[in-house]
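The values are calculated or read from the model by the stated rules, or taken from the named source; none is laboratory data. Everything numeric here is computed off the predicted structure, so don't read it as measured data. Cβ placement follows ideal geometry from the backbone for every residue including glycine, while neighbour counts extend to all protein chains displayed. Areas reflect the complete protein model, heavy atoms only, side chains present, ligands, DNA and RNA absent. Shrake-Rupley method; radii C 1.70, N 1.55, O 1.52, S 1.80 Å.
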Amino acid sequence: MEMAIDTPSPAPAPSAAAGRQTRAAESVRLEHQLVRVPIEALKSTARSNHRLAEKEIAAVLSSAAAPPGGGGSGDAAVDHLTSLVSRLHGLKRKMEEGARAEELQVQRCRARLNRLASASTGDDSEWEDLRLKRILVDYMLRMSYYDTAAKLAESSGIQDLVDIDVFLDAKRVIDSLQNKEIAPALAWCAENRSRLKKSKSKLEFFLRLQEFVELVKAKNFMHAIAYARKYLAPWGSTHMKELQRVTATLVFRSSTNCAPYKVLFEPNQWDCLVDQFKQEFYKLYGMTLEPLLNIYMQAGLTALKTPFCFEGNCPKEDPLSLDGFRKLAEPLPFSKQHHSKLVCYITKELMDTENPPLVFPNGYVYSTKALDEMAKKNGGKVTCPRTGDICNFTDLVKAYIS
């Protein structure tokens, strides 16, 4: 009599489609700025167009309500109306330019949403290749390699997936600060004042402080005092300590040797302003504060960073033997090893039950494979590569891994 036994069927392997869906979800979490930046740019453009329209229309209505000059003659009224019509035509041109800019931002949003949608259906290698190129363009833009970034984006056909124009707008402010000019940065702050206020930004305050210091440095003391009353006094309720310190430069002057005040006159204060502007710029557009390339590389380095990597005998095969990777890994914690792994100092191969470790009389441990080959070449003698001690292969003790 035969008996049929039902055996449970194995669980189905995850499909390629499910893997792509997971990848798409991870991409949304890791690269939110891909969609966030054009949306913020679109909102900024729309706000600028709205403010321009309100300002111009209010000016035209106010001018239309006012009586024309020339004693109320007909010619004066015609000239007055002609100037109003000309002004409205100018407003129309500006609004058309603004509409084209908005359409460009909408196109970029659409292209990026389509790109994210293709993550669950497209080719894996093509997706990863374009993502790497976008990450490289992002890094180049942050490092001020604008021409190289533009050429890479153009040759790869990813102009709608990168933010070159947004970074070029920031470049104008950065260049002005590097040339010790405050006005463009203050104009940028005024344009984005409401959003900077929500994020409790201090950028405008520090720009005002630097402008005050420059007036003191130029020995224009009366102008500096008037400037402080007009632009610095409103910040007194929240930044009194900083105000007291910077106004004391009127007494200490730029030639002082008093460290707390001497530092205010140093040229690197402009570099600090550049760095602070970049941070506020990234926050404003929803970008990561660190380049995406650094973030991805640090994610990998967290699995490699161990105390051994920072010792003098770190092997060259370890990426953390390079200064650049070490600097990138400095703020990262050491990787958590749930199970110890023994790697042979000689062969750099893993020591396990198939290749067990052998212990020298001096306590150093190497793999059986390495020491066996050494003994065959030297008549049964083995040499510790660290200390130079020589002993017989039979004197080595096998260590057991628990």
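Structure summary
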| read-out | value |
| --- | --- |
| For Kirkwood radius over Cα pairs in Å, calculated from these coordinates, the label among (1) 28.5; (2) 22.8; (3) 21.6 | (1) |
| Given Lys133/Lys180; Lys341/Lys377; Lys94/Lys198; Lys133/Lys202, the pairs whose alpha carbons are separated by over 32 Å | Lys133/Lys180; Lys133/Lys202 |
| Normalised contact order of the chain, rounded percent, pairs of Cα under 8 Å and 6 or more residues apart | 12 |
| Additional length obtainable on full extension of the chain from Arg326 to Val365, 0.36 nm per residue less Cα span | 11.3 nm |
| Approximate spin-label separation Thr347-Thr288, in nm, with each point projected 7 Å along Cα-to-Cβ | 3.9 |
| Low-density loop positions, chymotrypsin sites (Phe, Trp or Tyr not before Pro), region 361-402 - DSSP coil, at most 15 other Cβ in 10 Å | Tyr364, Tyr400 |
| Which of Phe205, Pro331, Met222, positive extreme of dipole for the chain (C-beta unit charges) | Met222 |
| Dipole magnitude of region 169-289, debye to nearest 20 (Cβ charges: Lys/Arg +1, Asp/Glu -1, about Cα centre) | 400 |
| Helix 203-217 vs. the chain, principal-axis angle (Cα, 0 to 90°, nearest 10) | 70 |
| Where GluC sites (Glu not before Pro) fall in DSSP loop in region 111-218, at most 14 other Cβ within 10 Å | Glu181 |
| Virtual spin-label span in nm between Gln107 and Lys180, 7 Å along Cα→Cβ | 4.3 |
| Residue among Val382, Phe360, Leu350 farthest towards the positive dipole end of region 339-401, charges placed on Cβ | Val382 |
| Nearest-0.05 FRET efficiency for Thr238 and Arg195, computed from C-beta distance (R0 22 Å) | 0.75 |
| Peptides ranked, highest mean first, by Cβ atoms within 10 Å: ranges 271-281, 300-310 | 271-281, 300-310 |
| In degrees, nearest ten, helix 292-301 long axis to first principal axis of the chain (Cα) | 20 |
| Where Rh is the Kirkwood radius over Cα pairs, Rg/Rh for region 244-402 | 1.28 |
| Zone of Leu52's modelled label, taken as backbone nitrogen in region 77-107 under 11 Å from a point 7 Å along Cα→Cβ | 90-102 |
| Fraction of accessible area attributable to carbon and sulfur, the chain (%, probe 1.4 Å) | 57 |
| Net lengthening on full extension, Lys316/Asn114 (0.36 nm per residue, minus Cα-Cα) | 68.4 nm |
| Dipole magnitude (debye, nearest 20) for the chain, charges at Cβ of Lys, Arg, Asp, Glu | 1640 |
| Rounded to 10°, Cα long-axis angle of helix 146-156 versus longest principal axis of the chain | 70 |
| Restraint check, Lys200/Lys283; Lys219/Lys262; Lys230/Lys278; Lys305/Lys398; Lys43/Lys197; Lys230/Lys283, Cα-Cα greater than 20 Å | Lys230/Lys278; Lys305/Lys398; Lys230/Lys283 |
| Trypsin sites (Lys or Arg not before Pro) lying in DSSP loop within region 194-227, provided at most 14 other Cβ fall within 10 Å | Lys200, Lys219 |
| Two-site label geometry, Ala76 and Thr256: point separation in nm, points 7 Å out along Cα→Cβ | 5.9 |
